[in-house]
1. Taking segment 263-280 as the region of interest, how many residues are within 19 Å of the chain's Cα centre (by Cα) and closer than 19 Å to residue 324 by Cβ?
2. Suppose we filter segment 458-491 for residues that are closer than 16 Å to residue 427 by Cβ and in a helix (DSSP H, G or I); how many remain?
3. Between a residue in segment 99-125 that is at positive phi and surrounded by 20 or more Cβ atoms within 10 Å (Cβ to Cβ) and any residue that is part of a loop (DSSP other than H, G, I, E, B) and at pLDDT 95 or above, which pairs come within a Cβ distance under 7 Å, given they are 6 or more apart or on different chains?
4. Looking at segment 272-281, can you tell me whether even one residue there is crowded, with 20+ Cβ neighbours inside 10 Å, within 28 Å of residue 18 (Cα to Cα) and out of contact with any helix residue (DSSP H, G or I) (no Cβ under 7 Å at 6 or more places or on another chain)?
5. Suppose we filter 415, 423 for residues that are under 27 Å from residue 321 (Cα atoms) and modelled with pLDDT under 95; which single one remains?
6. Scan segment 120-131 and give yes if some residue there is in contact with a strand residue (DSSP E or B) (Cβ under 9 Å, 6 or more places away or on another chain) and farther than 30 Å from residue 214 by Cα, otherwise no.
7. Yes or no: residue 521 in contact with a strand residue (DSSP E or B) (Cβ under 8 Å, 6 or more places away or on another chain), modelled with pLDDT under 95 and either surrounded by fewer than 24 Cβ atoms within 10 Å (Cβ to Cβ) or closer than 21 Å to residue 409 by Cβ (or both)?
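The values are calculated or read from the model by the stated rules, or taken from the named source; none is laboratory data. Keep in mind it's a predicted model, so treat the numbers as computed, not measured. Here the Cβ positions follow ideal geometry from the backbone for every residue, glycine too, while neighbour counts run over all protein chains shown.
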């Protein structure tokens, strides 16, 4: 500030993450975005929340404070699926736990109100976005109020916040009081009463707390109001206060996406940090090609946060970013990822604009691919080909995952991916292979995965490449029983696949699966859904997929006894099937040091 001659800042952003000036991190991205529109912006990263002094270090902002818990919900960052305290934090220097509090959005807002009682506070980020309505909280095992009321903030920005935060900043700069900002898309606010215009009223906080059926009903209504072109204002009473949630912000155009990613990011952590920050080490050479996902998976919160509309950057914008990255001192010739939530959705979208503006499908590809969906692979294929031809780039990987059911319609992308962009291991997320469970997950089932696996192995053989599939799988997902997990383990054994890691389902706010876990109801169909809720059963489900690890064998036997299927122990654990070292089978010892 002294160097720039600034006597005060317009906006101060507070983040639960370390300050890494990279577009993969929300607060630095919004700071650069606001700065690029003429605002003086400062960042307070990981302040000591135990007193107000850390929040006063940059003084009083002229317009407002913006608060984010960081790139993850602070409760997810702090606790395992078994509610046990984690001992690390990838978004903190030295990977140390404890740099942010539980429920960071609420704590930070409280400290700011203590330090500057009259300065507005706008909350946002993934934690605020997915907790904007009354929601089930796994860590307290109860329904909590909207975080807007618990934090006592003035305004909540949800989703990808460029449009909303800029409009708020510009209108405050122009003299509009915060209490009059009532029509900004992508925001929510509280008021004493609301009864104007075209809006949808959902059951109150008190009603959804008292009835799981009502909770599911309210969730379904909010989920179906995520189409930015047809969504209406959603109102939910909390006692004598009303939460008013405006429709989502409109997606960014290609030109706007290019403008965001052309901002002058340093691409590095703040120089004050002396220790490595694991999250930066992981993503520093990755490039975001697009946002959004139309997969609609039940366990994913992207629909309620980024939305299902794909927002792609131009090829020239991505090439320019990678070209600039090759000049960084830490770049070693490898682009670790080119993608988004799903890499092979780059450049895709709805070919029927009028239908898109009215659409309420949960997914564009489940249970089948919509006839209006553009699936052409030319944009994504051309992008990968161009990047690998750049001077200074030795290798480019696609690490963010692909939808293999889409690849059936993308032969050129499949060939380009398999031939040039697999770093030994290709991440694929079937999540499960028992059709009854994948239907609940809104994922393709066993047949689609087996078809892809056969095709991938054959192509790898043809190319003479030792390439392996790493399947991401979820245990304990709603709808999955212990018997389903055993069937999955046996399917993997038959396919010759072993997994090293399994994700135990964590009920996080904003997902269909979390609504199922809490209410026992699929909110979109109204059908009853079983969920494993005890730590014991969840642990047994996970162990069945790790049958090949000696430490898990006792639990595997326990699970088989509970199912009355002890006879399957030899089939699962005792035979030699699945031990062949063939392409497409992931064996830890078969992976070279370079690939690892």
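1. Qualifying residue count, segment 263-280: 1.
2. Residues flagged as closer than 16 Å to residue 427 by Cβ and in a helix (DSSP H, G or I) within segment 458-491 amount to 1.
3. 125/69; 125/70
4. Within segment 272-281, one or more residues are crowded, with 20+ Cβ neighbours inside 10 Å, within 28 Å of residue 18 (Cα to Cα) and out of contact with any helix residue (DSSP H, G or I) (no Cβ under 7 Å at 6 or more places or on another chain).
5. Just a single option satisfies the conditions, and that option is 423.
6. yes
7. Answer is no for this residue.
One line per residue, one yes/no per condition, for (1) closer than 28 Å to residue 70 by Cβ; (2) free of Cβ contacts under 8 Å to residues at least 60 places away in the same chain; (3) in contact with a helix residue (DSSP H, G or I) (Cβ under 7 Å, 6 or more places away or on another chain):
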site	(1), (2), (3)
163	yes, no, no
175	no, yes, no
220	no, no, no
228	yes, no, no
246	yes, no, no
